[in-house]
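Below: one structure, written as structure tokens.
The values are calculated or read from the model by the stated rules, or taken from the named source; none is laboratory data. The structure presented is a predicted model; accordingly, all values stated were derived computationally and were not measured. Here the Cβ positions follow ideal geometry from the backbone for every residue, glycine too, while neighbour counts run over all protein chains shown.
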Amino acid sequence: MFTMRRSSTAKIIYTLRNAHLTEPPRTRTVSALSSLSCNNNYSHSCHIYSYNFLSRASSTSTSTCTASTATATATPAASTTTDKITASTGHSITLPGPEAAAPPTSVLAIDRNAADVHQLIQDIHRASKFNQGNTRHVDSRRKLRLDAFWDVEFCRSTADAFEQILLELASRGQTGHTSSTTGIGSTSTSTTLITHKNSNSNSNSNSNSNSNSITEKQQLLLKPTLVDRALKVLLKCRLPPTKLSQRARDWERALGTIGTTPLTADLSLRLLQVNGKAGNIGRVMSLLDYRTSQDYKPRHKEYEYAVTALEVAAWSLRQSRNIYMSDADQPLLDNPTRWLDAILMNMKTRNFPLTPHLTAMMMDCFASQGRTGKAVHYFYSVHRTPLYHSQDNSEECNVHEEEFVDEGCFEEHDESTTESQPSHHDYLTQRTNLPGNLERPYKVRLKLKAPPPYYKVPTDVQGKMLSVPIASKKKPLKQNLNKVQSDSQPQPQKQQLKIDREIEPDWSVTLTAAFAFADSLTHGACGHDPIQLQRVHYNILIKTCIYRGALWRAMHILDTVMPAANVTPDNRSYDVLLSGLARVGDVTLMRTYYQKMLAQDGVEPSLYTVRHIVDGLLNLGDVAGAITIIQDFFNQHHILPPVTTQLKVLEFALGMDMIYEAKRHTYFIQQLWKWEPHYKYETEEFIYYMKTYQRDERLSKEALQHLFAYFGETLDESDFF
């Protein structure tokens, strides 16, 4: 039975970190050290890359590709140092990366030999268990309760204590290896993943001398089983991918510097999980190659972690994608074919079968890169108009100065893109001091922009021929005398339907690669057995078309391809298509496909169906229609959209000075407060969903009053019943 108190070591580290004695930030670099040849028609060989999350830094290898994003910076000099973890089979792994920074001097001054290492080991065991070892059964529906047993702070303090001990031991190992020529501090540019023990005798002797300076209690912390549990605790700290990636690399560098932890099968699998959830693609691929070289038994989870790394690395593209850049100018992660081929080749080498679940995860990587400019349109802009009361009279004067706040299409609400917004919509009227000690409030207003161009809306372009420029092969001119005259000549064009234009390869390179990858799976990709595409695979293809602006191609899959393959669409198929139509405000086609969904047997609308229909109406400024749709779905189908959709309706009504519509929707929300279940006519799932709706603080009385105050309106007691 482990004690429930935290260790003294964890308390010391927690105090030091609160005193801002943490180590300085370091640039993280992850390198894929394997050169895998992918024999496929639509992929090339996977070269050696260095990653700074999404950027590729120049490496010492001869084959290097570089690409950077607006927020990530490359570190070309990061590959001049190497890290090492000794394997149980007598091999050592050479991990390129920056040198481990020395921990703070105050931390080094702590006598770790006198610290309660045994208590830290107990904390690691307890923190790695489910809910810290509490075996009380908790209903999965009540996982959001405040009395949950997952103590995140305890996991973080335990991981911090373990990390500080690793950094101290690694700093001792670096001071003892300064005279080595092939050890950690070496500037060798070798890119070999696994080197034999005979070639690393010097570094092994250094690690042996380092192990002599480690106490027996500290040796317990370096056992593979305990390091495995410590990495599991790190995953329970709820860290964002960027911080998780940095800390994982710090731990690996420290373990490689110490050189006494054997890299076993379980530990390598745990490293795969950590690096997969951190988005370290290169490190994941090198670990897969290492497990292949050691003849470890392949497991389904390790390939799930590898695909997860691709999805996590693409999060920045989904959140801050530059929609004005073409596909050719996007980062290489925009087309994940080369990494998927490398995973397939690794599976084929180890004779691991390709399952439908893995194929669905791989295909979903093409739809995890965010929407392009062809798929979105900015329907509105938000302005803050300063207002003040005149000194001559009490009339409210509107200052014509307008400060731009935001613009976009009023569709899906993304919590990650509204960090500056107060939590739980705690809106407060913002005021600014004017000359003369006058306070001026701001009124937030929403203005609609011009509708999208006709070629983006499927209803407007239906049955029409589009003029598409013909790509001509230009020959190099010896003399550029007639350049102005040649540019003034009209470019030849051809008449083409929109669906024919979307099928062409130059419409979207990633979309073409997605269909080529799906077609290769049906014919046996990389030597695997052919698989038959199922409903989930077609839904992913529809989603990929929606994200790339190919709405006609998505409708073609739903109306023609799926029935020809004897695959019945479900509500997910229709919801994905409705979301794409809502992005361009095509309410006419949304109504058509909603009627098709109701006419199909066994397909019922979901809460996402309501959300997409409401989003399409809001994009066109039809606030009254959106409120009516929400009420009709609740009365007819017992379905309510997410809470964020309810708030968007209020924000749109208040932003457009539709106070009556805003209060009308407020009355409907008050009716939801007073709703009582009827167990005879309603299901348990709907009753549970309604009770969760009623407990949501974002729809409380105080939250609604703050929302109205943010837009310069009042919601007093007379508006509540």
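Worth a mention:
- Any hit, the stretch 373-390, residues being free of Cβ contacts under 8 Å to residues at least 24 places away in the same chain and more than 28 Å from Tyr290 (Cβ to Cβ): yes
- Asp295, sole failed condition from (1) under 25 Å from Lys348 (Cβ atoms); (2) touching a residue at least 24 places away in the same chain (Cβ under 8 Å); (3) acidic (Asp, Glu): (2)
- Residue within the stretch 466-477 that is at pLDDT 80 or above and surrounded by 10 or more Cβ atoms within 10 Å (Cβ to Cβ) present: yes
- Subset of the stretch 259-272 (residues that are touching a residue at least 40 places away in the same chain (Cβ under 8 Å), out of contact with any Pro (no Cβ under 6 Å at 6 or more places or on another chain), in a helix (DSSP H, G or I) and surrounded by fewer than 24 Cβ atoms within 10 Å (Cβ to Cβ)): Asp266, Arg270
- Filtered residues of the stretch 612-632 (kept if among the hydrophobic types (A, V, I, L, M, F, W, C) and in contact with a Ser or Thr (Cβ under 7 Å, 6 or more places away or on another chain)): Val614
- Test for Leu288: is it out of contact with any strand residue (DSSP E or B) (no Cβ under 8 Å at 6 or more places or on another chain), closer than 22 Å to Leu235 by Cα and assigned to a helix (DSSP H, G or I): yes
- Yes/no for Asp250 being over 18 Å from the mean Cα position of the chain (by Cα), assigned by TED's automatic domain parsing to the domain that holds Arg156 and part of a helix (DSSP H, G or I): yes
- Selection of the stretch 285-314 for residues being more than 14 Å from Asp341 (Cα to Cα) and aliphatic (A, V, I, L, M) yields Leu287, Ala309, Val312, Ala313, Ala314.
- Among (1) in a helix (DSSP H, G or I); (2) outside the structural domain of Val152 (by TED's automatic domain parsing) - the single one Pro298 does not satisfy: (1)
- For the stretch 516-536, the set of residues classified as assigned to a helix (DSSP H, G or I) and buried (at least 20 other Cβ atoms within 10 Å of the Cβ) consists of Phe517, Ala518, Ser520, Leu521, Ala525, Cys526, listed by residue number.
- Within the stretch 613-641, tally of residues that are surrounded by fewer than 16 Cβ atoms within 10 Å (Cβ to Cβ) and either part of a loop (DSSP other than H, G, I, E, B) or touching a Cys at 6+ places or on another chain (Cβ under 9 Å) (or both): 1
Rundown of residues vs (1) under 21 Å from Trp339 (Cβ atoms); (2) aliphatic (A, V, I, L, M); (3) modelled with pLDDT of 95 or more, yes/no style:
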{"site": "Asp500", "(1), (2), (3)": "no, no, no"}
{"site": "Glu504", "(1), (2), (3)": "no, no, no"}
{"site": "Phe517", "(1), (2), (3)": "yes, no, yes"}
{"site": "Ile531", "(1), (2), (3)": "yes, yes, no"}
{"site": "His537", "(1), (2), (3)": "yes, no, yes"}
{"site": "Ile542", "(1), (2), (3)": "no, yes, yes"}
{"site": "Cys545", "(1), (2), (3)": "no, no, yes"}
{"site": "Arg553", "(1), (2), (3)": "no, no, yes"}
{"site": "Gly585", "(1), (2), (3)": "no, no, no"}
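- Hits in the stretch 683-721 (condition: among the aromatic types (Phe, Trp, Tyr) and out of contact with any His (no Cβ under 7 Å at 6 or more places or on another chain)): Tyr688, Tyr689, Tyr693, Phe708, Tyr710, Phe711, Phe720, Phe721
- Selection of the stretch 298-338 for residues being surrounded by 19 or more Cβ atoms within 10 Å (Cβ to Cβ), under 13 Å from the mean Cα position of the chain (by Cα) and among the polar types (S, T, N, Q) yields Thr308, Ser316.
- Yes/no for Leu344 being assigned by TED's automatic domain parsing to the domain that holds Gly276 and out of contact with any Ser or Thr (no Cβ under 8 Å at 6 or more places or on another chain): yes
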